[in-house]
Amino acid sequence: MAGRKPSVVISDWKVFMSRLYEETDEETREKILLRYHLDERYMNVDDENESSMKSPKLHFFEAIDNPDIGEIDSARDLREQIKLLDIHTIFGESILDQLDKCITDLKHQQAQLEVFTNSKFIGRSRELDLAYDYFKDDDIKCVSICGLGGQGKTYLAGEILFHLKKERQKYLNVISVHLRDIRETSTVVKSMLSQTPRCSVGKTTDLKLLVDSLKQHLQTSDTRYIFQLDDCDSVVQYDQKNFLHFIKDFIQFLKGCPSWVKILITIRMKMSSLYKDPSFKEIELAELDTEDAFKMFKEYSGQEEIDVNILTQIVKECSYSPLAISMMADVVRCGKLTPKTLIFHLMMDKKNVTSQMKIDKCIKKSIENLEPDHLKSLVGLSVFQSSMFIVGMAEKIIKKCLGNSFSEGNDVEAILQSLHDLHLLEAVNYGKKDENSKHKCKYSLHPLVFRYLSEWKKPADLAKIYLAALQQFVSIFERMICKIVGLMESKQQKGQKKLDDNRVHILKYYGIVADQPKVMPPYIRKTNDIGLYQKKCVSDLADTLISLVQARRMIQNEADRALKAKNNEVYLFWMIEKADVYLMLHDKPDISGQILDELSNKKFTALQGLDDRGFYKPLIHALFHKVKGMTWWKLFDHEKALQHLDLSLLFFDKCLKPQHDRMIGCVKCYKGVVLIDLNQLDAAEEILKQALTTFKEMVVKSQFVSNTQDNDVADELHWDIPRIYLNLGKIILKRSIVEEDRFIKHQLLESALENINHGMKLDKLLKLDCFDGFYQKMKIRADIYIEKGLLEEALYDANFVMDQRREILQPPHTKFTESVYQVAKIYMLQGFDWSEKGDSDKARKHWVCAGDYFDEVKKHHLKEGGMALQNPVLQDIKRDHITIAKLVHSQKEVKIIQRFYEDLENGAYEPEKKLSSKGVIQMIYTPMELMKKWFGGGGTEFGNDGGKLAQLEQMAQAQMDNMLQGDTSGGHRKHSDMGHSSYESDSLSTGSESMSENVARLNIQKSLSIEDDVFVDTGTLQYAVTSDQTKHIKKRPKVLED
């Protein structure tokens, strides 16, 4: 299985850096260092004396060649900085060409670290023959291989495909899709499409469109295909309904498809219990036959003459598992133990981690016999859990774990090869072979190996190694997040792919920062502009990937770390981000303003007022005034809001370019929103178009070329552009409302609708259609439909938005309140329509329904501060509510409602508002996070039900709902004839997160993989649910039945 060691390819990277220093003048070197991503280690004021003793050349080298990220990334960083500085030639030739050559050499050298994946397949002859028969039968379209972990499902699938490919050579195309970290059926189909030759993938995430595209390609293809869907357990667990429906539908399609297409699935659970069809066959892997088990051990151990009794005992202790047998055979082959001493150790060790699985003893014994450096490396690589990683990541982790004991050369290659040979490390081939007959590989720990390592109580020295690996892991993925955010702002498709490929690891990164602050290394005393930009990227991506409460924990932990290190600027940055979360996502300008005032009025007085000189880094002042301006906007002091936003733009102009071009565009967009509220529509339109130009230039400068059918919007695939079209639509809608000419009004409404629909189209392409920005566009579209008199269309959009916001926004929240009011208003208008038609019964039913929604607004939104008193929408709510009350209620009830609004305007409900704000601050864990903290992770590796975690999640939410309501029976859903549904009890939405199926498609993976749930740090929990917070559980309105 092991192969020869390739010779080391020595790059000229070191030589290049030396020539770069020697052949550039001091001014150019200073420019490079200024622009370059300096390692923050060299900016610590405590090391000023040490730094001053270094020669300028050594300091230059250390700044550019960062050992924490590796030579390839260092060279790439240097290339980007030189490209921005527009330096074309040095040493008489193109400097970028020289750097490209260095990067190529470094990649070639890294490629030598890949392992040889050749292995001999032994046993399973019956299953092999059965599989060949199934694939030769034209009536059978799908074959599933199932069995417990360690039974060799993936190896058997590989052997089947190897022989089928060998038989049909040029006529068979095998598409292997590895699904261990994939949880959505749409991602499965998209992966199948992306690997299918001459098949356009596009940017859509719509499952039906993706399946139709795949079917259309196969319908006209003359190529024979086998789609291997490997390790499907995760997607079956989290998206079982859609996945099984896809398999069933695809099999039915294949029955009539003229092309020869088959599906091969590997999975732990038995799919035959969920899906029965003559075209679907299942092969269940049980224990190895005794003869095959003997043969495997002898082959892998290299010992043909072994006592039968000893051999029988060994395979019995290995539970006849191929993984366990191969591990123990490799221990013997390496000379660590003889067969006799091996069985002695296996028989004596009865206290394994999981007593039900004897395979754990084999894993333990295999790990115990590793070389010290190999053991350290394995412990370090466990930071990746059982998810895939590439050799470059492995190299950085291994070097960090071994420290001074690491020697240059082939150490990494030898370690990876050894771990792979011992079956502790899996390698999946992708890409073509190099000249050393090596494939590029993606690596992962076998789930059983990771499970053992995560439950293993490590010695102190290995615990330190694991801590160092975690810190290196954080460093790797903090940089990767910055790259992803940069790509998402310009090359959106490439950025999305990189995010999807590393989603599990990035979520673990956020989990560490949010819940394991002790793991994080201490901050240094000073941070440069690029360091702050990195942290801004981390914060921005967190908004789309993790729940608000987890983001708040992360922000608070980072602020505490910075304060402990006396790094004032980083502390200020995180406190400003904290204020921003409360302001823009929780809709709490009072909390946001309090945080900002505490900063500026106490220790950091340089932030007071409208001083444009700047004491801290420009980014700090720019972000502070941006959040301060938007706080004043939400408090309806528009003049102060504009002053602070103008000051924010001034400071952003002083920041590094092009990193902060996006923020300049964002602030201009915010300024446009304020101007819209001031009814200065022309000025708002002008500044919004300036922002649109800024974002488009960012995309065009990236030389992005769309390979989709949506080339008409290729230069608009930027996160912030859909929001601009939303605001342009609002401007046109406002103009149409005051327009008296019916023809012009119609044209304006059509133009507004076109802008809103275009923004929604961009949201879908950018995968933003699961966030509130998309729902806000639907709400404005409903307003347009109301103006056009299309009340049914308006009601559909308004109900959809209200239901979505009910899931993701916790009242009181202005946007949620506006949505409930919009639905009430539409029912009221429909009632007026029926009244004009003379149908008083239907009119009254609609008014009663509208009244129920107005009651919800009154009791559960306005009382707790769901809308500022200065908001003009509040007067509309008051007017319409009283109108409906007069139509359906008694005079006494009308007076009660009128008195409520008088009390509200006089501040009688301020205590409730303050209590609501306090409740938001106290709630820092979601119900599901509490369940995982209390009970830890669950997994399928040791016989647990595959749907256990999903069921636990649903149960946790239901129990939390019932507990807060004092109800043990749960809510009941009602359907009325009014086109909407009502709940007698509604679910608790915690922060921005919901446990419902609707939020599952948000791409917010709140846990990692089944094997990764071990990565939960149990500690002191801070979770407050007071009796006052039970008011947040709202009841949907009841309507009259026919």
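The values are calculated or read from the model by the stated rules, or taken from the named source; none is laboratory data. Not measured: the values here are computed from a predicted model. Here Cβ is always computed from backbone atoms with ideal geometry, including for glycine, and neighbour counts include all displayed protein chains. What goes into the accessible areas is simple: the full protein's heavy atoms, side chains included, and nothing from ligands, DNA or RNA. Shrake-Rupley method; radii C 1.70, N 1.55, O 1.52, S 1.80 Å.
Quick rundown of the values:
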item	result
Residue ranges of helices (runs of 4 or more DSSP H) in region 492-602 with at least 3 members acidic (Asp, Glu) and at pLDDT 85 or above	568-580, 589-601
Selection within region 769-783 - part of a loop (DSSP other than H, G, I, E, B) and out of contact with any helix residue (DSSP H, G or I) (no Cβ under 6 Å at 6 or more places or on another chain)	770, 771
Residue check for residue 756: open to solvent by 30 Å² or more (accessible area, probe 1.4 Å), aliphatic (A, V, I, L, M) and touching a residue at least 24 places away in the same chain (Cβ under 8 Å)	no
For residue 266: the one exception among (1) among the hydroxyl-bearing types (Ser, Thr, Tyr); (2) over 35 Å from the mean Cα position of the chain (by Cα); (3) open to solvent by less than 50 Å² (accessible area, probe 1.4 Å); (4) farther than 25 Å from residue 368 by Cα	(2)
Residue 941 open to solvent by less than 20 Å² (accessible area, probe 1.4 Å), among the acidic types (Asp, Glu), touching a Gly at 6+ places or on another chain (Cβ under 9 Å) and modelled with pLDDT under 85	yes
Failed condition for residue 577, given (1) open to solvent by less than 20 Å² (accessible area, probe 1.4 Å); (2) over 29 Å from residue 866 (Cα atoms); (3) of a type in the set (Asp, Glu)	(2)
Pairs, first open to solvent by 50 Å² or more (accessible area, probe 1.4 Å) in region 621-639, second basic (Lys, Arg), C-beta under 8 Å, six or more apart	632/640
Some residue of region 750-759 being closer than 21 Å to residue 809 by Cβ, part of a helix (DSSP H, G or I) and not charged (D, E, K, R)	yes
Complete set of residues in region 316-334 that are open to solvent by less than 60 Å² (accessible area, probe 1.4 Å) and closer than 14 Å to residue 365 by Cα	317, 318, 323, 324, 325, 326, 327, 328, 329, 330, 331, 332
Boolean, residue 530 is closer than 28 Å to residue 391 by Cα, open to solvent by 10 Å² or more (accessible area, probe 1.4 Å) and of a type outside the set (S, T, N, Q)	yes
Near pairs, Cβ below 6 angstrom, 6+ apart or cross-chain, from region 792-820 (without any contact (Cβ under 8 Å) to a residue 24 or more places away in the chain) to any residue that is among the charged types (D, E, K, R) and in a helix (DSSP H, G or I)	797/781
In region 126-140, the residues that are open to solvent by less than 70 Å² (accessible area, probe 1.4 Å) and in contact (Cβ under 8 Å) with a residue 12 or more places away in the chain	127, 128, 130, 131, 132, 134, 135, 140
Matching residues in region 458-475 - criterion: being open to solvent by 20 Å² or more (accessible area, probe 1.4 Å) and assigned to a helix (DSSP H, G or I)	460, 461, 463, 464, 465, 466, 467, 468, 471, 475
Within region 784-902, helices (runs of 4 or more DSSP H) holding 1 or more residues that are surrounded by 16 or more Cβ atoms within 10 Å (Cβ to Cβ) and of a type in the set (Phe, Trp, Tyr)	791-808, 814-836, 840-857
Search result, residues across region 366-396 that are of a type outside the set (Asp, Glu), surrounded by fewer than 22 Cβ atoms within 10 Å (Cβ to Cβ) and closer than 27 Å to residue 316 by Cα	367, 369, 370, 375
Residue in region 281-294 that is closer than 30 Å to residue 211 by Cα, surrounded by 15 or more Cβ atoms within 10 Å (Cβ to Cβ), out of contact with any Cys (no Cβ under 7 Å at 6 or more places or on another chain) and touching a residue at least 12 places away in the same chain (Cβ under 8 Å) present	yes
Pick from region 788-814, criterion charged (D, E, K, R) and in contact with a helix residue (DSSP H, G or I) (Cβ under 6 Å, 6 or more places away or on another chain), ranking: nearest to residue 868 (Cα to Cα)	805
Pair list, Cβ under 6 Å, 6 or more apart: region 246-261 residue over 15 Å from residue 278 (Cβ atoms), other residue assigned to a helix (DSSP H, G or I) and open to solvent by less than 60 Å² (accessible area, probe 1.4 Å)	246/185; 253/215; 257/218; 259/218; 261/218; 261/254
Criterion violated by residue 126 - all others in (1) at pLDDT 80 or above; (2) within 23 Å of residue 227 (Cβ to Cβ) satisfied	(2)
Residues being of a type in the set (A, V, I, L, M) and open to solvent by 20 Å² or more (accessible area, probe 1.4 Å) - total across region 766-783	1
